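Report on one structure; see the data block that follows.
The values are calculated or read from the model by the stated rules, or taken from the named source; none is laboratory data. Quick caveat, the model's predicted, so the values are computed rather than measured. Glycine also receives a Cβ, built like all others from the backbone with ideal geometry; neighbour counts cover every protein chain displayed. Ligands, DNA and RNA are excluded from the accessible area calculation, which covers all protein heavy atoms including side chains. Shrake-Rupley method; radii C 1.70, N 1.55, O 1.52, S 1.80 Å.
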Amino acid sequence: MRNVFSAVICIVFSPVVLWAQNGVNSVYSAYGVGDYSLRSPGYFSGMGGAGVALNSGSTINLLNPAGLTGIKNDKFIFEFITSGASVQYVASEARPNAADFGVRGAAFAVNLFKNSATAFSLKRRTVVDYLTLSTKNIDGTESAVLDEIEGSGGLYEFGVSHGMKIGKHLSIGATAGYLFGPINRMETMYVSESEQVNIENNKYYNNFYFSGGMQYQFKTGKSDWTLGAFFEPSVNLKTVEDNTISDASGNVLVEEKSIYGNFKYPHKWGAGLAWKQNQLQLSADYIQHKWSATNYKGTHFTSRDADGYSIGAKYSFIRKSIWGNREGVSLFTGFSSEKSYLVINNYNLKSNAFTLGVSAPSFNMLHNYSAYIKVGSRGVATYPLVKENFTEFGFIFGLGGVLQKGGRKYD
């Protein structure tokens with residue numbers, strides 16, 4: 001037990017758990033602090049991600065920390081989340097494809113005291129990954145140069161969450177965390193076969209953040225209901241920016257170092273309702289991200305509130321075990337619809353997707369393995385926009401155990 005616990009802690013806090021191969025190369029990630037979804041990949045992704053009113057059990061619900069109270073007494077869970085996507089880009093004359101797969105996050109949760117649980121998590125919040133090629137006219141001449149712009153990076157978050165139950169019906173929770181990460185932009189203008197100009201911008205973001213949530217459970221007849229809500233205040237992200245202009249040989253022509261600034265990351269809230277009777281569970285929620293409060297805008301784009309709703313269903317087969325009757329194989333389905341904070345050329349970026357999922361416990365009922373698939377589209381194929389037809393898939397590995405307290409007992 002001690003060796004397992006030490007290994008879990010080492011993996012959770014390792015800085016190399018988040019990586020990706022290739023990239024989906026989304027031009028929409030060039031804005032703000034990158035591309036993101038209102039709901040992160042996880043166990044409830046098969047239900048459309050509708051997890052605001054769902055509590056943890058065989059999983060770790062980080063969307064609403066109040067749900068951590070669903071973890072049983074003296075149990076710990078280590079959760080490892082991987083996901084990938086295959087994307088087809090539909091433009092006016094082209095339909096290129098891209099693919100991506102990587103680790104999206106890891107979390108460790110433990111229930112040491114009755115009616116409360118604590119979780120430690122590290123996950124990716126936003127992604128910057130794009131490459132554009134175009135020709136740029138030189139002012140005052142009839143000449144044009146090939147212009148290549150590449151972006152990379154994104155924001156990560158480390159959080160410590162705690163949930164506790166108050167009385168029979170109410171659960172509350174809170175998360176204290178740290179947002180951080182680089183966003184890099186490299187523009188290369190090819191003046192001739194041997195001459196080029198490199199314009200590099202590297203910006204690092206960081207600051208602490210907090211969030212809180214609640215869930216209220218009650219019964220009507222044979223039905224179990226849960227009301228859930230969470231709120232995350234806005235964060236004034238501190239920034240440190242470096243700018244460099246260099247030639248093809250790497251000789252620095254102009255350099256600016258350590259320019260300090262800030263970026264307002266807006267507040268976010270969500271509310272949801274879940275219903276359960278016997279083996280069937282339904283859930284629905286709504287999340288809003290208040291970008292309109294930031295007045296974030298630029299050339300050809302403005303911002304609005306990002307928002308979206310999700311609905312989902314779960315059906316679980318009951319399995320007998322040494323712990324009594326427990327959920328066995330579970331089947332999921334759902335639908336999600338999101339409106340982005342981006343309004344590009346007067347078009348508000350939107351996405352819709354259907355989801356399916358499956359989950360199964362191990363033979364000893366301590367571990368849980370789940371998978372999901374999400375199929376949908378985003379954007380429109382009208383210049384300068386691009387329509388993205390995507391298939392996202394993910395695998396969640398939940399490794400659990402029971403803590404021994406009080407040492408070994410002898411007869």
Sort out which residues of segment 175-196 are within 30 Å of S143 (Cα to Cα), open to solvent by less than 70 Å² (accessible area, probe 1.4 Å) and assigned to a strand (DSSP E or B), and write them in order of number. N184, M186, E187, T188, M189, Q196
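This table checks each residue for (1) of a type in the set (D, E, K, R); (2) more than 30 Å from L273 (Cα to Cα); (3) not in a loop (DSSP other than H, G, I, E, B).
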| site | (1), (2), (3) |
| --- | --- |
| L54 | no, no, no |
| S58 | no, no, no |
| L62 | no, no, no |
| F80 | no, no, yes |
| G84 | no, no, yes |
| E148 | yes, yes, yes |
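Okay, residues lined up against (1) in contact with a helix residue (DSSP H, G or I) (Cβ under 9 Å, 6 or more places away or on another chain); (2) closer than 24 Å to G49 by Cα; (3) among the charged types (D, E, K, R):
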{"residue": "F335", "(1), (2), (3)": "no, yes, no"}
{"residue": "K350", "(1), (2), (3)": "no, yes, yes"}
{"residue": "L356", "(1), (2), (3)": "yes, yes, no"}
{"residue": "P361", "(1), (2), (3)": "no, yes, no"}
{"residue": "L366", "(1), (2), (3)": "no, yes, no"}
{"residue": "T382", "(1), (2), (3)": "no, no, no"}
{"residue": "T391", "(1), (2), (3)": "no, yes, no"}
{"residue": "F395", "(1), (2), (3)": "no, yes, no"}
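Each row is one residue, and each column tells you yes or no for (1) charged (D, E, K, R); (2) within 18 Å of G394 (Cα to Cα).
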| residue | (1), (2) |
| --- | --- |
| I71 | no, no |
| K75 | yes, no |
| T82 | no, yes |
| N115 | no, no |
| V127 | no, yes |
| I138 | no, no |
| S143 | no, no |
Any idea which residue in segment 153-167 is surrounded by the fewest Cβ atoms within 10 Å (Cβ to Cβ), counting only those that are over 15 Å from I71 (Cα atoms) and within 17 Å of the chain's Cα centre (by Cα)? V160
Sole miss for S45 among (1) open to solvent by 10 Å² or more (accessible area, probe 1.4 Å); (2) outside any loop (DSSP other than H, G, I, E, B); (3) at pLDDT below 85 is condition (3)
Right, K114: open to solvent by 20 Å² or more (accessible area, probe 1.4 Å), outside any strand (DSSP E or B) and closer than 27 Å to I71 by Cβ or not? yes
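Could you go through segment 386-393 and let me know if any residue there is in a loop (DSSP other than H, G, I, E, B), of a type in the set (V, I, T) and open to solvent by less than 80 Å² (accessible area, probe 1.4 Å). Walk me through it before giving the result.
First, pick out the residues of segment 386-393 that are in a loop (DSSP other than H, G, I, E, B): 386.
Imposing the further condition that a residue be of a type in the set (V, I, T) reduces the set to 386.
Of the ones still in play, those that are also open to solvent by less than 80 Å² (accessible area, probe 1.4 Å) are 386.
Yes.
Please go through segment 221-236 and give me each residue that is at pLDDT 95 or above and either more than 26 Å from G163 (Cα to Cα) or over 25 Å from the mean Cα position of the chain (by Cα) (or both), ordered by number.
If the condition is that a residue be at pLDDT 95 or above and either more than 26 Å from G163 (Cα to Cα) or over 25 Å from the mean Cα position of the chain (by Cα) (or both), then S223, D224, W225 are the ones that fit.
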Would you pick out the residues in segment 207-224 that are assigned to a strand (DSSP E or B), open to solvent by 70 Å² or more (accessible area, probe 1.4 Å) and touching a residue at least 12 places away in the same chain (Cβ under 8 Å)? F208, F210, Y216
Across segment 124-136, what is the total count of residues that are part of a strand (DSSP E or B) and either surrounded by 21 or more Cβ atoms within 10 Å (Cβ to Cβ) or among the β-branched types (V, I, T) (or both)? 7
Sort through L62, L131, L68, L122 and tell me the only one that's within 26 Å of L237 (Cα to Cα), more than 15 Å from the chain's Cα centre (by Cα) and touching a residue at least 12 places away in the same chain (Cβ under 8 Å). L131
Might you let me know whether segment 197-206 holds any residue that is β-branched (V, I, T) and open to solvent by 30 Å² or more (accessible area, probe 1.4 Å)? yes
Matching residues, segment 352-376, being more than 19 Å from V103 (Cβ to Cβ) and either open to solvent by 40 Å² or more (accessible area, probe 1.4 Å) or not in a strand (DSSP E or B) (or both): N352, F354, L356, V358, S362, F363, N364, M365, L366, V375
